[in-house]
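K.L.:
Below are the structure tokens for one structure; questions will follow.
Every number in this text was worked out from the coordinates using simple rules, so none of it is lab data. Note that this is a predicted model, so its numbers are computed, not measured. As a convention, Cβ positions derive from the backbone with ideal geometry for all residues, glycine included, and neighbour counts pool all protein chains shown.
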Amino acid sequence: MDKQKYVSPALMWLFVLAGAMLIFLFVPAWRFWRIKFSLSWLFLPVVFYWLYFFIGAIKVHKQAAMSVAKIDRIVKEGVYAYVRHPIYHADITLVWGISLFMGEPRFFFASAWLTAVLVCWMMLEEKAMEKKFGREYLEYKKQVPMFCPRLKG
């Protein structure tokens, strides 16, 4: 029986939301570029990319969005063959896509904040997974990148 205490992902999202709210309160709203010159054409592909990784993670592993305490096995198929944290990867990709679409500094700062919190959270989860699954997780780490998928060539 696992007696280790795990922190809930709800706490991580609370940090993300609190930071984003502060950014939106204190950073002025002005645009870097006009909509016709923006990178708005990227928005739809980014949403589909997010859906692919998010739904792919949940489809393969229902406990994926839960804390490490709820994870009962290491999943190595589907999107987990590309990255160890597909949901966080998808979330970060989505917020940066939104930032490019919006073209405002506060969206960039909020994206940087979310990225920093999620990267720290991924590192905490990595340590917990190593503790929980030992050598099997260490082998998985050697084969699959944490965040950025490798381009297969």
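K.L.:
Looking at the stretch 96-120, which of its residues are in contact with a Phe, Trp or Tyr (Cβ under 7 Å, 6 or more places away or on another chain) and under 24 Å from TYR80 (Cβ atoms)?
P.N.:
GLY97, VAL117, LEU118
K.L.:
Assuming PHE133 fulfils every condition listed in (1) surrounded by 12 or more Cβ atoms within 10 Å (Cβ to Cβ); (2) under 30 Å from MET21 (Cβ atoms) apart from one, which condition is it?
P.N.:
Of the numbered conditions (1) surrounded by 12 or more Cβ atoms within 10 Å (Cβ to Cβ); (2) under 30 Å from MET21 (Cβ atoms), the odd one out for PHE133 is (2).
K.L.:
Pairs only if they're at least six apart or on different chains, beta carbon under 9 angstrom, first in the stretch 51-72 and touching a residue at least 60 places away in the same chain (Cβ under 8 Å) and surrounded by fewer than 18 Cβ atoms within 10 Å (Cβ to Cβ), second part of a loop (DSSP other than H, G, I, E, B) and aliphatic (A, V, I, L, M); list them, first residue then second.
P.N.:
These pairs meet every condition: SER67/VAL7.
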